[in-house]
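**Q** The following block contains the structure, expressed as structure tokens.
The values are calculated or read from the model by the stated rules, or taken from the named source; none is laboratory data. Only a predicted model underlies this, so the values are computations on that prediction, with no experimental measurement involved. Note: ideal-geometry Cβ built from the backbone for every residue, glycine included; neighbour counts use all protein chains shown.
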Amino acid sequence: MKRSRACALALLLCVACLVGCDHATKLAAETALRDHAPLRIVPGVVDLAYTENHGVAFSALERLSLHPPAWALFALAVVATSALLALWFRRRRAAWPEHAGFALVVAGALGNALDRVARGHVVDFIHVRFWPVFNVADVLVVAGGMLLMLVHARRASRPPAADISAPPP
């Protein structure tokens, strides 16, 4: 029992550290990039450019000309994060890669939700050519989601365990 509690605390500490890293990079971007020309990291490929995202991930709703109020986006984030936490709790006996995936997604979701509460928008600053501007929290959500999909695909590809209580044919 003590070991599982220690693991849960370690995971929560990881989530808190990842949220802190996300906010530190957003603060750095706001300080160094706001009201300045984009910083070319790899010319024509990767830039750092300060933008304010008043919509959802990768400005998806703005591309559809939808502009929900900030409170609605925050409420949606709270509901989605709560559902994710409930699912994570139900999978509390899962292997560490699944926990890592959940931790990454939760950290990213919390990072952007807290940004929306504190600023009224999400700070984005990483621009890769042919992709919308994003931030560290977006990377966490995508990486965690991919890890969870990989874990699920691996679990689904395993043959079912043999029922040892059934008599042989």
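**Q** If I ask for residues that are of a type outside the set (G, A, S) and surrounded by fewer than 18 Cβ atoms within 10 Å (Cβ to Cβ), which ones from the range 85-113 would you list? Lay out the reasoning, then the answer.
**A** Within the range 85-113, the subset of a type outside the set (G, A, S) is 85, 87-93, 96-99, 102, 104-106, 110, 112.
L85, L87, F89, R90, R91, R92, R93, W96, P97 - these are the residues of the range 85-113 that are of a type outside the set (G, A, S) and surrounded by fewer than 18 Cβ atoms within 10 Å (Cβ to Cβ).
**Q** I'm trying to understand the selection: among the residues of the range 114-132, which are surrounded by fewer than 17 Cβ atoms within 10 Å (Cβ to Cβ) and hydrophobic (A, V, I, L, M, F, W, C)?
**A** V117, A118, V128, F130, W131
One line per residue, one yes/no per condition, for (1) in a strand (DSSP E or B); (2) at pLDDT 95 or above; (3) loosely packed, with under 15 Cβ neighbours inside 10 Å:
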{"residue": "A6", "(1), (2), (3)": "no, no, yes"}
{"residue": "L18", "(1), (2), (3)": "no, yes, no"}
{"residue": "A28", "(1), (2), (3)": "no, yes, yes"}
{"residue": "T31", "(1), (2), (3)": "no, yes, yes"}
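**Q** A follow-up question, please. Sort through V123, V117, V105, V141 and tell me the only one that's among the aliphatic types (A, V, I, L, M), out of contact with any strand residue (DSSP E or B) (no Cβ under 6 Å at 6 or more places or on another chain) and either at positive phi or not in a helix (DSSP H, G or I) (or both). Please lay out each step first, then the result.
**A** On the way: V117 fails: either at positive phi or not in a helix (DSSP H, G or I) (or both); V105 fails: either at positive phi or not in a helix (DSSP H, G or I) (or both); V141 fails: either at positive phi or not in a helix (DSSP H, G or I) (or both).
Step by step, each of V123, V117, V105, V141 is checked, and only V123 is among the aliphatic types (A, V, I, L, M), out of contact with any strand residue (DSSP E or B) (no Cβ under 6 Å at 6 or more places or on another chain) and either at positive phi or not in a helix (DSSP H, G or I) (or both).
**Q** Which residue is nearest to A109 (Cα to Cα), if the candidates are limited to the range 42-55 and must be at pLDDT 95 or above and touching a Leu at 6+ places or on another chain (Cβ under 8 Å)?
**A** Y50
**Q** Among the residues of the range 60-106 satisfying the criterion of being under 19 Å from V141 (Cβ atoms) and of a type in the set (D, E, K, R), which is modelled with the highest pLDDT?
**A** E98
**Q** A further question follows. Working carefully through the options A103, A77, A109, find the one that is closer than 29 Å to L27 by Cβ, touching a residue at least 12 places away in the same chain (Cβ under 8 Å) and in contact with a Lys or Arg (Cβ under 8 Å, 6 or more places away or on another chain). Explain how you work it out, then say what you get.
**A** Values: A103 fails: in contact with a Lys or Arg (Cβ under 8 Å, 6 or more places away or on another chain); A109 fails: in contact with a Lys or Arg (Cβ under 8 Å, 6 or more places away or on another chain).
Answer to the selection: A77.
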